[in-house]
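What follows is a short report on a single structure.
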Amino acid sequence: MTSLDDLSILLLWTAIAIYAGAFIAYAFDLARRSSAVEEVTAGAKVLVAAGSAGADADATPVPASETPAKPRFVLARIGTALTVLGWLFHLGATLTRGFAAGRVPWANLYEFAMIGTLLIVLVYLVVLTRIDLRYLGTFITGLVVVLLGAAAANFYVIVTPLVDPLKSVWLIIHVFVASLSTALLALAFALSVMQLLQTRRERRVAEGAAKPGPRFLATLPDASRLENLAYRFAVVGFIFWTFTLIAGAIWAQDAWGRYWGFDVKETWTFIIWVLYAGYIHARATRGWRGTPSAWLSITGFAAVIFNFAIVNVFFKGLHAYSGLS
Amino acid sequence: MSSSRSERPEPQNEGASAASDPLRPSDHIDSIDDEINQPRLGLVGWLRWGWRQLTSMRVALVLLLILAIAAIPGSIFPQRMADPNGVVQYRTDNPDLFPILDSLSMFDVYLSPWFSAIYLLLFVSLIGCIIPRIKHHLKALRAQPPRTPARLARLDDHRTVEREGSEQDAAQAIDVAEKQLKALGYRVARYDSAESRGRGRVWSVSAERGYWRETGNLLFHIALVGVLVTVGVGGGFAYTGQKVVIEGKSFVNTLLDYNSINRGRFVPDDALQPYALTLDSFDITYEEFGKPGAGQAGNFKANLDVRETDGSTRKGSVEVNHPLSVGGDKVYLLGNGYAPTITVRNAEGTVLLSQPVEFLPQDSSMSSLGVVKIPDGMPEQLGLIGFFYPTAVKLDTGAFASAHGAVNIPLLTLDVYQGDLGIDDGTPRSVYVLDTEDMTKLAGRGTDVESIQLQPGETADLPNGLGTVTFEDESPAGATDFTESVKRYVSLQIHHDESAPWVLAFALLALAGLGLALFVPRRRMWVKATASDDGIRLEYAGLARGEDPTLAAAVDDLVRGHERLLDDAAPRRENPVKGA
Ligand code: HEM
């Protein structure tokens, strides 16, 4: 039993190290993109100049990412390959922890961190097969290294039997869906941050500023596409969050004899839900689409992290399942 | 072309405004800004203006954000409804700050006037917003898809295909498209025209799908109202009570028999079903020594004899996560503890008290604190404060502690107080607390007399010859150790709330509505055929109503499918020209 858990720890630290490697590759990729942009935009300028001589005066400059000389982002590929490898170790760590415990591996803060980050990377990798989001690789791997590292170093607890309230099918459903939702909201958050950077860059380009901002942004989709992507992740995350809220209430009814009692964790789950409802509304409200709604998405995710890290560790309430004492 | 462009600055608006479009508040991103509609300065005008503000997207959004912020203090300060002991503690720790915070309802945030005001405003806004939308949507559900726009090429998702053929083929092509769209779940309408700007006759079909999107959105918002109303109304008909039951003892579900009960305002005195529960036994397991989590208690299970209201009896059990249903109520296991049986006699040997006394656990090893009050039969009133250690160990300091939650080496220590218990004036006092203010300590720390220490079956003298106290051994006959010498008790919570399933139903309805509202694409499609001497020109166009990332693919599919159907009817002769 202990040896399986030891193996889990070993696998986890290996995964962290590989993720760190992926982070470095992705970071160099962004840096490389900057120089790639330089070459490409030099070419694009000629094209635009030639085009503006023609009749089509309101033609928009061709975004760099659509030019024929599309850079191949070798470093990003290395980053992705490392992320996949890291994820496999991470999966191994999670599974061995589950076998060591003889139950689902998400019953204390250490395990929540492990499964949550596992899902973040999984969602990212699955989405990668359909949409090129590798520009988020630095963020994703960075976040995962920090969360996993903190969990492994500070939140680790040995496997102990479950306390009675956790002995429920809802542990499997509620916590898993919450983690999945967190993964989706994390991607939405990252995209919203990119959107804000891109908006700023686009504004500065329009103003003709000499240095419109980090140059890698030129290889990213435009701000409105980033916003749409962020929105799509956020709404799926929001639906799962709504489900988490309902499932939690059903569980609370069985375990604590009431479905809602404004326990600290319940309260924060509700606050997050309302924030994202606000975000979805903001997207449909004139004057709020774009930058203000992006800030709401960012605030919402900040609350998710707060709920996870701060509330679990420092607030006392019925949800005292961090396993830390 | 450029002249008509100035009439409609946004090409996307082509074919957009129609009776089947969902109704939106005026500051919604899709609606045409009509702020010019200034109110007249009459009272009615202002009221109307205020109502429009309240039911606008902006106000809904701001109220949502305020609601989120307003919920935060309740997670920072202890709340009376969730953590009453925390509130008492806070008062002790911050005597100066407490009254100020309390006057701001910081300890009852979710029942406070300001919090209520926010969510009530939000729901007024919500209802005001959805009623006109429901009316509108009911009409839209019966409306025809809108007329085919004159210039489909202006739409973002537009394809053109040239084919050989006659006027007859053109009409047929649209017939085929109509069937095709219908089969895809679209509602369709034909808009054929005789003549179009000298370019010959035009046949077209207009199609729309995704009415479920708006239905889902309305369902979601209505269900939220449903949740709020059922929670609010349900609370009035609900009751929750606590009762401590000792092994072998019974509880009858009547108002009198509860230790405490909270009743909703509409619960009459006779609402309770007089069923009875007897605690037969209590199961508990401990993790073995040497294993991780050693000593951790779990698998709590209260085995009960249930006598239903109609007199029939059955066995039942209550576990965490598995409440017992009886008489329309649910019975939960909240806690457990030990109730050592204590007998007190006075100097004459008269028994003044002989019963199991519930001790409250103070730590995970079940060191427990209990109080015995003897109001009569002694020269002065007597109070005992006791500690019970199921597995007693002596610490280096000389104090006792419990090493394990199970009864192995049971020990009861008692401090004795004499004086006024403070219960004669009718002030309600907790049975678990001894108010020692008007009492003198006779035995225990700080006095000359050591506190009384008893093992099961032992009797000790009370100080000053007041009498004796006995820790009764409850072990069954023939027992060889102390493991069954002390009775256990459980604290049960009995909860009655018929609204809970309704709340759940509305919550699930909201979830379903949300799924529809966010994932059903709402779109319009048009297929138009124009016949000329060169052949027929087929135009396809799609228009998204709301978030619709797959529209372009859907238009492509439509074109491909249509071509295949036409080719099946007549072989194609020319390559299609994709364009616009
Ligand atoms: C309890 C408060 C509310 C919550 C939690 C809430 C939540 C939501 C959510 C999650 C959505 C996205 C799902 C969908 O499109 O159906 C939505 C959409 C919408 N809500 Fe609300 N809402 C609330 C109050 C209101 C109010 C007061 C209004 C009217 C002023 C309103 C008007 C709308 C509209 C028009 C949409 C559709 C947005 C679009 O076109 O994409 N909601 N709401």
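The values are calculated or read from the model by the stated rules, or taken from the named source; none is laboratory data. All figures in this text were calculated on a predicted structure; none of them were measured in a lab. FYI the Cβ positions are ideal-geometry reconstructions off the backbone, even for glycines, and counts take in every protein chain you see.
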Looking at this structure, is residue B:516 on the phi < 0 side of the Ramachandran plot, touching a residue at least 12 places away in the same chain (Cβ under 8 Å) and away from chain A (no Cβ under 14 Å)?
no
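Within 16 Å of the ligand (Cβ to nearest atom) and among the polar types (S, T, N, Q): is that true of residue B:125 in this structure? Reasoning before the result, please.
On the way: within 16 Å of the ligand (Cβ to nearest atom): yes; among the polar types (S, T, N, Q): yes.
Taking the combined requirement at face value, the residue satisfies it.
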Taking the range B:528-568 as the search range and keeping residues that are assigned to a loop (DSSP other than H, G, I, E, B) and within 16 Å of the ligand (Cβ to nearest atom), which one is nearest to residue B:150 (Cα to Cα)?
B:545
Looking at the range B:224-270 only, could you name the residues that are charged (D, E, K, R) and more than 14 Å from chain A (Cβ to nearest Cβ)?
B:247, B:249, B:257, B:263, B:265, B:269, B:270
Six or more apart or on different chains, Cβ atoms under 6 Å: show the pairs whose first residue is in the range B:423-439 and within 13 Å of residue B:374 (Cβ to Cβ) and whose second is surrounded by 13 or more Cβ atoms within 10 Å (Cβ to Cβ) and modelled with pLDDT under 75.
B:423/B:429
Scanning the range A:209-252 for residues that are away from the ligand (no atom under 16 Å from the Cβ) and charged (D, E, K, R), the one nearest to residue B:319 (Cα to Cα) turns out to be A:225
Of all strands (runs of 3 or more DSSP E) completely enclosed by the range B:344-460, which ones contain at least 1 residues that are in contact with a Leu (Cβ under 7 Å, 6 or more places away or on another chain)?
B:368-374, B:381-389, B:392-394, B:400-402, B:411-419, B:452-454
Taking the range B:132-179 and keeping residues under 12 Å from residue B:526 (Cα atoms) and in a helix (DSSP H, G or I) leaves B:152, B:153, B:174, B:177, B:178
Condition (residue is surrounded by 20 or more Cβ atoms within 10 Å (Cβ to Cβ), acidic (Asp, Glu) and within 30 Å of residue B:509 (Cβ to Cβ)) applied to the range B:203-220: is it met by at least one residue?
yes
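Could you look through the range A:278-292, keep only residues that are of a type outside the set (A, V, I, L, M, F, W, C), without any contact (Cβ under 8 Å) to a residue 60 or more places away in the chain and within 14 Å of the ligand (Cβ to nearest atom), and pick out the one that is surrounded by the fewest Cβ atoms within 10 Å (Cβ to Cβ)?
If we take residues in the range A:278-292 being of a type outside the set (A, V, I, L, M, F, W, C), without any contact (Cβ under 8 Å) to a residue 60 or more places away in the chain and within 14 Å of the ligand (Cβ to nearest atom), then A:286 is surrounded by the fewest Cβ atoms within 10 Å (Cβ to Cβ).
Here's a check for you: in the range A:198-237, which residue that is among the acidic types (Asp, Glu) and away from chain B (no Cβ under 14 Å) is surrounded by the fewest Cβ atoms within 10 Å (Cβ to Cβ)?
Looking at residues that are among the acidic types (Asp, Glu) and away from chain B (no Cβ under 14 Å), I get A:207.
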Restricting attention to the range B:47-70, which residues are buried (at least 16 other Cβ atoms within 10 Å of the Cβ), in contact (Cβ under 8 Å) with a residue 24 or more places away in the chain and either closer than 15 Å to residue B:129 by Cβ or more than 10 Å from the ligand (Cβ to nearest atom) (or both)?
B:52, B:54, B:55, B:56, B:57, B:58, B:59, B:60, B:63, B:64, B:66, B:70
When you check residue B:412 against the structure, is it assigned by TED's automatic domain parsing to the domain that holds residue B:437 and touching a residue at least 40 places away in the same chain (Cβ under 8 Å), yes or no?
yes
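Yes or no, residue by residue, for (1) in contact (Cβ under 8 Å) with a residue 60 or more places away in the chain; (2) more than 16 Å from the ligand (Cβ to nearest atom):
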residue	(1), (2)
A:254	yes, yes
A:261	no, yes
A:265	no, yes
A:268	no, yes
A:276	yes, no
Could you say which residue among B:113, B:73 is of a type outside the set (S, T, N, Q), at pLDDT 90 or above, in contact with a helix residue (DSSP H, G or I) (Cβ under 6 Å, 6 or more places away or on another chain) and away from the ligand (no atom under 15 Å from the Cβ)?
B:73
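Output yes when any residue across the range A:125-137 is under 11 Å from the mean Cα position of the chain (by Cα) and away from chain B (no Cβ under 14 Å), and no when none is.
Scanning the range A:125-137 turns up at least one residue that is under 11 Å from the mean Cα position of the chain (by Cα) and away from chain B (no Cβ under 14 Å).
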Can you name every residue in the range B:534-548 that is within 14 Å of another protein chain (Cβ to nearest Cβ) and among the basic types (Lys, Arg)?
B:545
Identify, from the list B:301, B:291, B:249, B:315, the residue that is buried (at least 17 other Cβ atoms within 10 Å of the Cβ) and among the basic types (Lys, Arg).
B:301
Breaking point among (1) within 14 Å of another protein chain (Cβ to nearest Cβ); (2) touching a Gly at 6+ places or on another chain (Cβ under 9 Å), for residue B:317:
(2)
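Looking at A:256, A:268, which one is facing chain B (nearest Cβ under 8 Å), closer than 22 Å to residue B:504 by Cβ, of a type outside the set (Asp, Glu) and buried (at least 22 other Cβ atoms within 10 Å of the Cβ)?
That would be A:268, the only listed residue that is facing chain B (nearest Cβ under 8 Å), closer than 22 Å to residue B:504 by Cβ, of a type outside the set (Asp, Glu) and buried (at least 22 other Cβ atoms within 10 Å of the Cβ).
Tell me, please, whether a residue that is outside any helix (DSSP H, G or I), within 14 Å of another protein chain (Cβ to nearest Cβ) and surrounded by fewer than 19 Cβ atoms within 10 Å (Cβ to Cβ) can be found in the range B:112-131.
yes
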